[in-house]
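Here is the structure we will look at, set down as structure tokens.
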Amino acid sequence: MDELIPTRKLDEIYSASALNRIKKRYENVISSFKRQFGHEPDVVLRSPGRVNLIGDHIDYMDYSVFPMAIEPDIIMAYRTTDTDTIELFNTDPEFDAINIDLSAETLQIGPPHWSNYFIAGHIVAHQYMTSKNALKLTGLQVCVDGEVPARSGLSSSAAFVCCACLIVLTAGNVSVTKRQLTELSIQCEKHVGVNSGGMDQAASVNGLKDHALLVDFHPINVTPVKLPDCAVVIAHSLVVADKLESAPRNYNLRVAEDSIAAAALAHHLNVDVPYDNIIGCPSLRAVELAHFKTPAKSTEEQIQRLTSMEEICAKLFPQDGCTDEQAANLCGISVDQLRATFMRSKLEYTTLSLYKRSVHVYAEAKRVLQFFQELSTTARLEVLGQLMDESQESSRTMVCNSCPEVDQLCAIAKEAGSLGSRVTGAGFGGCTVHLLPNDDSLVEKLIKAFKDKYYSVYYPNIDKKTLSESIIESRPSSGTAFVAL
Ligand code: NG1
Ligand code: MG
């Protein structure tokens, strides 16, 4: 992670079969740029989306996750100007062009708009440059071209903020390592209103061809692991998962529930934990570390520890949820303190599901370890698939971030021979991921089953383009890079 963001040629980034199409895509970005701004861009760069194989809704609790970067990505081309404006343009007419005024003291995030993700990258890069006394802000002309489906759990937003952050830094003559860009881009989404963990940005920046990535947090570290001979197929439920709009009842609520569960456990186990997660609260991993005091000596011991944490949660928390009063009691604080500490962003709920969420975190953290262990030893696809299925069951019943359409896609896939099928990313709709043997006929059979039993049933009027973009077979792709054309 300590090398600088690389410059890569197209054939080093994309698979051979995609190259012709990709070349046209870059030509279109350059010609759109010229048409819009009357010049060639100075620099072109890209950052990929990601699919998460296993380990969801645990990154913000500091547990390791197992994503891989995918080929669909966001390309940005930019040119510096001596104006006080960022001129943002998107090749997709759905996203309207906008000028952002840089003359104000600090940039502010406005009402929901795609440009907010650029502003978030700008704010974070600006703060970093100020801290390094390297502040040189210029005007920018930027053309964006995205192929990661938005609001689908494939991290279009992380790919976007990684590009935005890198543009502002590079335009200001600041070069960064993969680690620095990972750490900076992790801070971005919070400015937009989602208290996100760091999985997506780590996967986007550090992606490596043919490798999945074990991502650890605190400190952040990425270990590439070669994927065995297999096929990974992604299918979009086409249920729009608007993470920002639904954050108070979905994503941000999960982060808050886990944080409250961690504080309650720490109180129960009588241990001190740092208040340093994404919302300035304790993480469930910090409680585990404080409780056991010394690091586990083996994966087996770590797995046992996680099992015993699950058992403690199951005894401590009522299974049907907690009122604010109960939660505050469990943490040993007042209701006012509970709200002031854990609920600084707006939340909507009837009860707090401390039991379900905390048990999921410890169980899913265990599955990630088992997945990694299996991949690093015998790499049996059946074992990996089984863990993915168990993860889906936990999403459905404990995180409650699946939905009937996602369940349906997983059931169709299992019937068609998938070894493991699950929702990927934040969920509440969005994409599913499926593991298969590397066998073209099995992959074709799966894709046919999706078309016949899902898309033509749920979306009988689906157009060809949407259908072809909804099913992605992707090998692990490489990460953020400047592109040499
Ligand atoms: P997606 O599905 O890409 O929005 C989100 C979070 C991750 C992680 C997963 C759930 C962001 C940028 N990413 O991913 O940090 O928590 O959900 O595992 O919010
Ligand atoms: Mg996102």
Efficiency of FRET between TYR459 and THR294 - r from beta-carbon atoms, R0 41 angstrom, step 0.05: 0.15
Candidates per trypsin sites (Lys or Arg not before Pro) in the range 150-232, loop by DSSP, up to 11 other Cβ within 10 Å: none
Theoretical FRET efficiency, 1/(1+(r/R0)^6), r = Cβ-Cβ of ASN133 and SER103, R0 30 Å, to 0.05: 0.90
Stretch gain in nm, segment GLU40-LEU467, where the contour uses 0.36 nm per residue and the Cα spacing is subtracted: 150.3 nm
Per-pair calculated FRET efficiency, R0 = 22 Å: GLU12 and ASN221 via Cβ, rounded to 0.05: 0.35
Two-site label geometry, GLN337 and SER308: point separation in nm, points 7 Å out along Cα→Cβ: 2.8 nm
Loop-located GluC sites (Glu not before Pro) in the range 166-268 whose Cβ has at most 11 other Cβ within 10 Å (DSSP): none
Summed side-chain charge close to LYS453 - residues other than LYS453 whose Cβ falls under 14 Å, Lys, Arg +1, Asp, Glu -1: 0
Under 16 Å from the ASP242 label point (7 Å along Cα→beta-carbon), backbone N, the range 140-165: 150-153
Expected 222 nm ellipticity per residue - DSSP helices of 4 or more, -39500 (n - 2.57), all of the chain, to 500: -13500 deg cm²/dmol
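Can you give me the % of accessible surface on the chain that is carbon or sulfur? Probe 1.4 Å, all protein chains present, nothing else counted.
On the way: 9900 of 19630 Å².
Percent of accessible area from carbon and sulfur atoms in the chain: 50.
How long are the semi-axes of the ellipsoid equivalent to the range 29-85, from square roots of 5 times the Cα gyration tensor eigenvalues, in whole Å, largest first? Let's see the in-between values first.
Values: eigenvalues 261, 41, 10 Å².
The equivalent ellipsoid of the range 29-85 has semi-axes of 36, 14, 7 Å.
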Student exercise, the range 207-287 dipole from Lys, Arg, Asp, Glu Cβ charges, in Debye to nearest 20: 100 debye
Probe 1.4 Å, protein heavy atoms only - accessible area per residue of the range 363-475 in square angstrom: 43 Å²
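With a probe of 1.4 Å, find how much accessible area the range 1-94 has per residue, and write the answer as a whole number in Å².
Each residue of the range 1-94 exposes 41 Å² on average to a 1.4 Å probe.
Quick check on the range 206-340: what are the equivalent-ellipsoid semi-axes from the Cα gyration tensor, as sqrt(5λ), descending, whole Å?
31, 23, 14
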For the range 143-279, the fraction of alpha-carbon pairs in successive 10 Å shells from zero, as %: 10, 32, 36, 18, 4, 0
DSSP-loop GluC sites (Glu not before Pro) across the range 8-94, with at most 14 other Cβ within 10 angstrom: GLU94
Net charge dipole size for the range 239-367 [Lys, Arg +1 and Asp, Glu -1 on Cβ; Debye, nearest 20]: 220 debye
Long-range tail of P(r) for the range 1-104 (Cα pairs > 16 Å, %): 71 percent
For the range 382-485, size of Cβ-based charge dipole, Lys and Arg +1, Asp and Glu -1, in debye: 260 debye
Dimensionless Rg over Rh [the chain; C-alpha; Kirkwood]: 0.96
Overall Cα dimensions of the range 92-194, principal axis frame, Å, largest first: 37, 30, 24
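The values are calculated or read from the model by the stated rules, or taken from the named source; none is laboratory data. Computed from a prediction, not measured in an experiment: that's the story for all the values here. A quick note on method: Cβ atoms are made from the backbone with ideal geometry, for glycine too, and the neighbour counts reach across all protein chains shown. Heads up: the accessible areas ignore ligands, DNA and RNA and are worked out on the full protein's heavy atoms, side chains in. Shrake-Rupley method; radii C 1.70, N 1.55, O 1.52, S 1.80 Å.
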